[in-house]
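See below for the structure under consideration.
Bear in mind that the values in this text are calculations on the coordinates, not laboratory data. What you see is a predicted model; the values in this text were computed from it and never measured. Every residue, glycine among them, receives a Cβ derived from its backbone with ideal geometry; neighbour counts consider all protein chains shown.
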Amino acid sequence: MFAPGSTLWLMRHELRLSWRGLTERRGRGRGRFRTLWLSAILPLILLVTAGLPLSFALRRVQISVSPISVAIAAVIAVALFTLMLSQTLSAAVDALYERADLDLLFSSPLKPRRVLTVRFLAVAVNVFTLVGLITTPVLLPIAVTGHPAWLALEPVLFSVSLAATGAGLMIASGLFRLIGPRRTRTLGQVLAAVTGAAAFLLGQAYNILGRQQAGSIWAVIAKRIADPSFHAPPGLDWPLRAMLGQPLPLLGVIAVGVGVFLLANQLLGARFAADAAAAAGVGTGGGRARAAGRARFSASAFRATFTKEMRLIARDPALISQVLLRVLYIIPLGIVILRQAGTAQALALPGGAGALSLIAGQITGSLAWITISAEDAPDLLSCAPTPTRTLRQAKLLAAILPVAILLVPLLVPLTVMAPLPGVAAALGCAGSMGMTAALNVWWQRPAKRSDFRRARQASWFVTLMELLLGIVIAVATGMIAAGQFGWALIPAVLALVGVLLLSRSDAQVAQALRAAS
Amino acid sequence: MTDALSIRGLSKTFGGKVAVDDLSLTVRAGELYALLGPNGAGKTTTLRIVAGLLKPNAGQIGVFGRDVLADPAAAKQIIAWAPDEPMLYDRLTPLEYLEFVAGLWGVAPAQAQAKAEELLKWLGLWENRGERCEGFSRGMKQKTALAGALIHDPQLLILDEPLTGLDAAVARQVKDLLQARVKAGATVILTTHILEVAERMADRIGIIQNGRLAAEGTMDELRARTGEGQATLEDLFLELTGAEA
């Protein structure tokens with residue numbers, strides 16, 4: 001279809017790899033089929049549930065260019081840019097370190113700059129595709145029923161994804177230069193997670209700052225915008241005008257997106273290839289020799305295994321960023337709970353305590369999967385004289401301890417300020433963490449630790465059960481926190497029965513592992 | 001003297017496929033034994049069963065008199081297993097890796113520390129002891145894994161294709177190390193496709209085919225069996241396995 005070696009041919013190659021990566025993320029076989037099915041059905045659902053109703057509601061609505069609408073459009077554009085940046089930054093860091101195919105492409109007669117341009121462009125296209133999958137089914141009926149110009153939102157979104165790609169590349173390359181290859185990998189992943197959560201945290205301003213303080217900030221902003229003497233900075237109205245399909249602003253926004261992308265490409269193209277080559281030597285730096293004197297030999301297999309797991313967790317940037325992302329979601333929740341406890345407005349406490357137990361269980365589940373199933377040297381453990389039970393206990397402790405350490409600063413003051421909800425939250429967290437840890441032991445699914453980068457590879461069944469039982473435990477926790485002990489028995493017993501039904505003996509686990517190997 | 005390894009009537013099937021078929025062989029204490037055979041002959045399966053990684057369908061295995069199937073922990077205590085793909089953690093340093101492996105085998109800390117230093121120096125990894133394995137070459141990884149296999153001073157060292165992918169210098173280091181272990185009284189069993197290595201290093205050679213022992217003995221015994229006085233191991237191997245050159 002395309003001439004071999006051409007830009008479009010390369011682009012098709014990149015997009016095919018991206019698509020396969022996406023479907024593999026959801027598993028093989030039936031998992032892949034599910035992804036395909038969801039890709040087809042999700043736009044249809046959006047079309048019926050959002051696109052058609054909105055097209056009817058908005059068919060006669062005209063959006064005027066007012067300070068308020070300009071500000072809202074600008075905030076939306078910034079939020080989208082931030083979300084896209086988290087993905088493009090992560091992709092740029094990946095491109096630096098996962099370079100096996102880059103070696104192949106660079107060793108071919110293709111021009112390296114073309115290879116990199118296409119790779120960067122593929123990042124932008126992928127990010128845009130994910131957003132477009134959601135916006136297009138909503139936008140299309142609106143455009144058909146009266147606002148065809150609003151279709152301009154799509155090129156605006158693509159421009160934002162181009163700009164986010166350029167920015168992501170520049171940040172990754174800048175980090176590489178500033179802090180070196182090893183730290184770039186860690187910091188880049190963490191930064192991507194934090195950037196992605198920034199929009200969420202912004203949306204939680206009411207919870208974090210308190211309704212009164214946040215409200216006053218928004219009030220000041222609204223008042224300032226509504227002031228007739230207020231003049232938006234030049235160009236601030238362009239995102240809105242571009243979204244509404246006005247030609248000149250639309251061209252301007254596209255020019256900015258394409259410009260940032262091309263600038264990054266021009267500035268970093270050659271340097272990026274050199275950085276990728278330098279990243280290959282990561283791990284051989286002399287700086288690590290400092291750790292040499294800190295070896296702590298121990299005759300205890302439990303201690304040795306626990307130490308090894310903690311080291312591997314601490315040195316896994318992808319894992320840290322994923323856990324950090326979930327921790328970020330705890331922050332507003334924790335602040336709400338503590339504020340409610342402090343002001344004796346205990347209405348939100350039961351819900352908060354339940355949600356906390358659910359999140360604690362989910363984080364433990366991720367770590368338990370990593371320590372139990374994602375063992376990179378299973379044969380080494382199998383041929384060691386150490387009992388499996390000892391190894392498993394050490395691995396579970398390594399999964400539970402970091403979460404417990406995260407929870408203590410929240411649970412201790414909560415228990416002091418509001419004893420019942422505090423104890424309920426602690427019990428709920430313990431129950432939820434124990435449940436996910438146990439499920440990960442009983443339903444192990446061995447995989448390479450490096451696979452975690454693509455996605456958690458636990459079986460969908462375990463993931464679903466973790467979530468369902470986590471919700472049931474959260475409900476029980478909330479009821480205990482509210483003092484409804486009798487009612488709390490129902491979900492508590494349900495959770496217990498669920499856990500018992502899912503339990504497996506050591507022999508059954510061993511048999512399942514043998515069958516899987 | 002107790003045999004280092006005694007296998008009697010060992011069988012293993014995967015699904016309907018027979019991997020090891022009523023295999024019996026003996027490895028004497030203090031010898032270097034080379035287990036050879038074509039691809040898929042059952043060498044690795046046999047060794048994995050001895051190392052406690054697979055359960056056989058039938059048979060008995062003794063390691064220095066310890067029953068591998070009845071008391072695997074006791075047998076594992078004196079065995080080391082080193083497969084062709086190094087069993088490593090990329091994000092650990094060699095010293096941390098040895099620390100972990102020593103813990104698994106319950107080696108006393110002081111002894112483990114001294115042994116780790118000795119092994120890493122011997123294998124030329126001492127300067128790299130604080131660097132993560134992820135940046136290591138194949139040879140460095142193989143040597144790190146080998147150090148891990150030796151940290152608990154095993155009486156029986158089992159190696160599956162230990163020289164695969166190594167350059168000449170590293171391969172020489174590994175061969176020297178294995179011979180030194182044998183001189184020190186350990187028993188070494190290795191599989192290899194490099195027949196010259198087996199011919200030069202092994203005290204005795206076992207040739208396995210279709211899961212059964214096709215021939216066993218010293219080079220002279222194998223030559224006598226085939227009636228070819230000057231034959232190389234390659235000649236003997238091809239004749240005994242019925243393969244064509």
Which entries in the list B:Lys43/B:Lys143; A:Lys308/A:Lys448; B:Lys17/B:Lys43; B:Lys17/B:Lys76; B:Lys17/B:Lys55; B:Lys76/B:Lys175 go over 18 Å, if you measure between the two C-alpha atoms of each? B:Lys43/B:Lys143; B:Lys17/B:Lys76; B:Lys76/B:Lys175
If a paramagnetic tag sat 7 Å from the Cα of A:Arg114 along the Cα-Cβ line, which residues of the range A:1-16 would have the backbone N under 14 Å from that point? A:2-13
Long-range alpha-carbon pairs in the range A:301-516, meaning those over 24 Å apart, account in percent for 44
Amide H of B:Thr218 versus every other amide H placed in the peptide plane: which residues, excluding those fewer than 5 positions away on the same chain, fall under 5 Å? B:Ile205
When the Karplus curve 6.51 cos²θ - 1.76 cosθ + 1.60 is applied with θ = phi - 60°, which whole-Hz ³J(HN,Hα) does each residue of the range A:473-489 get, with x for Gly and Pro? 5, 4, 5, 4, 4, x, 5, 5, 4, 8, x, 8, 5, x, 5, 5, 4
Ignore the peptide's own chain and count Cβ atoms of other chains within 10 Å of each Cβ in A:51-60; give me the average, rounded. 0
Given Cβ point charges of +1 (Lys, Arg) and -1 (Asp, Glu) and nothing else, what value in debye, to the nearest 20, does the dipole of the range B:55-101 about its Cα centre take? 220
Tilt of helix B:109-122 relative to the longest C-alpha principal axis of chain B, in degrees (0 to 90, nearest 10)? 70
Highest mean first, what order results for A:419-430, A:141-152 on Cβ atoms within 10 Å? A:419-430, A:141-152
In the range A:373-517, if the dipole is taken from +1 on Lys/Arg beta carbons and -1 on Asp/Glu beta carbons about the Cα centre, which of A:Leu464, A:Trp487, A:Ala430 is farthest to the positive end? A:Leu464
Averaged over peptide B:83-91, how many Cβ atoms belonging to another chain are found within 10 Å of each residue's Cβ? 5
Considering only the protein assembly as shown, percent of DSSP beta bridges that pair antiparallel, nearest 5: 55
Chain B - share of DSSP beta bridges that are antiparallel (%, nearest 5): 55
Taking the dipole about the Cα centre of the protein assembly as shown, with the C-beta of Lys and Arg at +1 and of Asp and Glu at -1, give me whichever of A:Phe272, A:Pro446, B:Ser137 is farthest to the positive side. A:Phe272
Excluding residues fewer than 8 places away in the same chain, name every one of the aspartates and glutamates whose C-alpha is closer than 14 Å to that of B:Lys183. B:Glu31, B:Asp153, B:Asp203
P(r) of chain B over all Cα-Cα pairs, 10 Å bins starting at 0, rounded to whole percent, reads 7, 31, 35, 21, 6, 0
Applying the Karplus parametrisation 6.51 cos²θ - 1.76 cosθ + 1.60 with θ = phi - 60° to the phi angles of the range A:401-414, what ³J(HN,Hα) value in whole Hz is obtained for each residue in order, glycine and proline being reported as x? 4, x, 5, 4, 4, 5, 7, 3, x, 8, 6, 5, x, 4
Partner shielding of B:46-55, taken as the mean number of other chain Cβ atoms within 10 Å, equals 2
Nearest-20 debye value, the range A:301-516 charge dipole, Cβ charges on Lys, Arg, Asp, Glu: 380
Counting only residues 5 or more places away or on other chains, whose amide H sits under 5 Å from the amide H of B:Ala19 once H atoms are built in the peptide plane? B:Lys12, B:Thr13, B:Phe14
Normalising by the residue count of chain B, find the relative contact order in percent from Cα pairs under 8 Å and 6+ residues apart. 26
Note, ³J(HN,Hα) from phi for the range B:58-72, Karplus 6.51, -1.76, 1.60, rounded to Hz, x at Gly and Pro: 7, x, 10, 9, x, 10, 6, x, 8, 7, 4, 7, 7, 9, x
Would you work out which of B:Thr241, A:Leu328, B:Ile151 lies farthest towards the positive end of the dipole of the protein assembly as shown? Charges go on Cβ: Lys and Arg +1, Asp and Glu -1. A:Leu328
Using a simple charge model, +1 on the beta-carbon of Lys and Arg, -1 on the beta-carbon of Asp and Glu, nothing else, what dipole does the protein assembly as shown show about its Cα centre, in debye to the nearest 20? 2160
